[in-house]
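The values are calculated or read from the model by the stated rules, or taken from the named source; none is laboratory data. This one's a predicted model, so the numbers in the text were calculated from it and none came from an experiment. Here Cβ is always computed from backbone atoms with ideal geometry, including for glycine, and neighbour counts include all displayed protein chains. With ligands, DNA and RNA removed, areas are computed over all heavy atoms of the protein, side chains included. Shrake-Rupley method; radii C 1.70, N 1.55, O 1.52, S 1.80 Å.
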Amino acid sequence: MTDLARLSAFLLRRLVGALVTLLALSVIIYVVFYVAPGDVAQITCGPRCSPAQVQQVTEQLRLDDPLYVRYWDFLQGVLTGHDYSTGTGVEHCEAPCLGVSYQSDQQVSAMIVAKLPVTASLALGAMVMWLILGVGTGVLSAWRRGRLSERVLTALTLAGTATPVFVIGLLLMIVVCGQLQWLPFPQYVDFGDDPTQWAWNLLLPWLSLALIEAAKYARLTRSSMLETLADDHVRTFRAYGVGERSIIGKHALRGAAAPVIALTANDVGSMFGGAMLSETLFGLPGLGRELVHAVKVVDLPVVVGLVMVTGFFVVLANAVADVLYAVADRRVVLS
């Protein structure tokens, strides 16, 4: 079998696996949230509603239908769109339709699209920052092994790993924004309106997330590079007079790339979780604040939609990581 055929088969397996995972994830999320205790109709209608009004809400939301019927309607909406009754008419929700909010009657997909740029800006910016800080610190620690600078960097990474994101975020906000006034208190500015202010206002939330995650990447990069630097072929390069910087840049760092890629994919879920915590801490109007509000008012379509979108990005990131992993190590494709 040629390399192209092996690569095609590898990509096909990953695609099928990702689709099956998404389907299983949708079933689990839908069942877990919709069998949760509590009278959704009563909560949605309000405490002063009469039994007749609660029954009307139950019928409008189709809460009396069997769970499998509601899930099938939900799945059809995701794939082909859905028509919903608004009480005075019928509204069409374009695919992928994740339902309609119980509280605001807005389409969940439209709510997510409106809030997603805030969370994506926060999460992706922090990811770039923690990769730069983490990999850079790991390379420096491996290069300066046994010296004072390496011990200091190791101590800092351990402290970063043990500190919760909200503690670092709160400390940075008090010190950097309050006392030193180096940065403004964060508020979201759309990238299209002012890219400079967009980055300037997100710098502190980026840093609070990056300092936590960078510690893991520094430790992983350091251990991977030290393992590669101890290999026989590296000793051969040194014996032939190849410079240390060339060995680290061309060989040791390449050996550390595969585990870093895998860890990045696995951290997508925690990345969005950390972004949601940071949004609540810094008051940013993203998916995190929307999820907290939806949980408080038991707005199940919004909760399910947000959790499913997060799961989709996790599965997508792992699929992309598999491809990048195969590029970094061709043995993955050949296996």
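Listed here are the residues, each with its yes/no results for (1) outside the structural domain of Pro259 (by the TED database); (2) within 20 Å of Val295 (Cβ to Cβ).
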| site | (1), (2) |
| --- | --- |
| Gln76 | yes, no |
| His82 | yes, no |
| Glu94 | yes, no |
| Gly99 | yes, yes |
| Ser104 | yes, yes |
| Val118 | no, yes |
| Leu122 | no, yes |
Flag for Arg254 being at pLDDT below 75 and in a helix (DSSP H, G or I): yes
Qualifying residue in region 196-207 (condition: farther than 25 Å from Thr310 by Cβ, in contact (Cβ under 8 Å) with a residue 12 or more places away in the chain, outside any helix (DSSP H, G or I) and among the hydrophobic types (A, V, I, L, M, F, W, C)): no
Test result for Leu75, under 21 Å from Leu316 (Cβ atoms), under 30 Å from the mean Cα position of the chain (by Cα), modelled with pLDDT of 85 or more and in a loop (DSSP other than H, G, I, E, B): no
Any chance Leu98 is touching a residue at least 12 places away in the same chain (Cβ under 8 Å), outside any helix (DSSP H, G or I) and closer than 30 Å to Leu209 by Cα: yes
Residue match in region 104-118 (condition: modelled with pLDDT under 85 and within 24 Å of Val298 (Cα to Cα)): yes
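Restrict the check to region 169-183 and report whether at least one residue is of a type in the set (Phe, Trp, Tyr), outside any helix (DSSP H, G or I) and assigned by the TED database to the domain that holds Glu290.
Yes, the conditions are met somewhere in region 169-183.
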Residue match in region 277-284 (condition: touching a residue at least 12 places away in the same chain (Cβ under 8 Å), outside any helix (DSSP H, G or I), more than 18 Å from Val128 (Cα to Cα) and not assigned by the TED database to the domain that holds Pro96): yes
In region 8-35, the residues that are open to solvent by 70 Å² or more (accessible area, probe 1.4 Å), aliphatic (A, V, I, L, M) and either in a helix (DSSP H, G or I) or touching a residue at least 40 places away in the same chain (Cβ under 8 Å) (or both): Leu11, Leu12, Leu15, Val16, Leu19, Val20, Leu23, Ile28, Val32
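Given the criteria modelled with pLDDT of 85 or more and assigned to a helix (DSSP H, G or I), does Leu153 qualify?
no
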Any hit, region 214-227, residues being under 23 Å from Gly286 (Cα atoms), modelled with pLDDT of 80 or more and open to solvent by 30 Å² or more (accessible area, probe 1.4 Å): no
Residue within region 193-207 that is in the same structural domain as Ala142 (by the TED database), open to solvent by less than 40 Å² (accessible area, probe 1.4 Å) and of a type in the set (D, E, K, R) present: no
Condition met for Ala210 (in contact with a Ser or Thr (Cβ under 9 Å, 6 or more places away or on another chain) and surrounded by 12 or more Cβ atoms within 10 Å (Cβ to Cβ)): no
Hits in region 136-190 (condition: in contact (Cβ under 8 Å) with a residue 24 or more places away in the chain, among the acidic types (Asp, Glu) and surrounded by 13 or more Cβ atoms within 10 Å (Cβ to Cβ)): none
Every residue from region 49-70 that is β-branched (Val, Ile, Thr) and either free of Cβ contacts under 8 Å to residues at least 12 places away in the same chain or over 21 Å from Asp83 (Cβ atoms) (or both): Val54, Val69
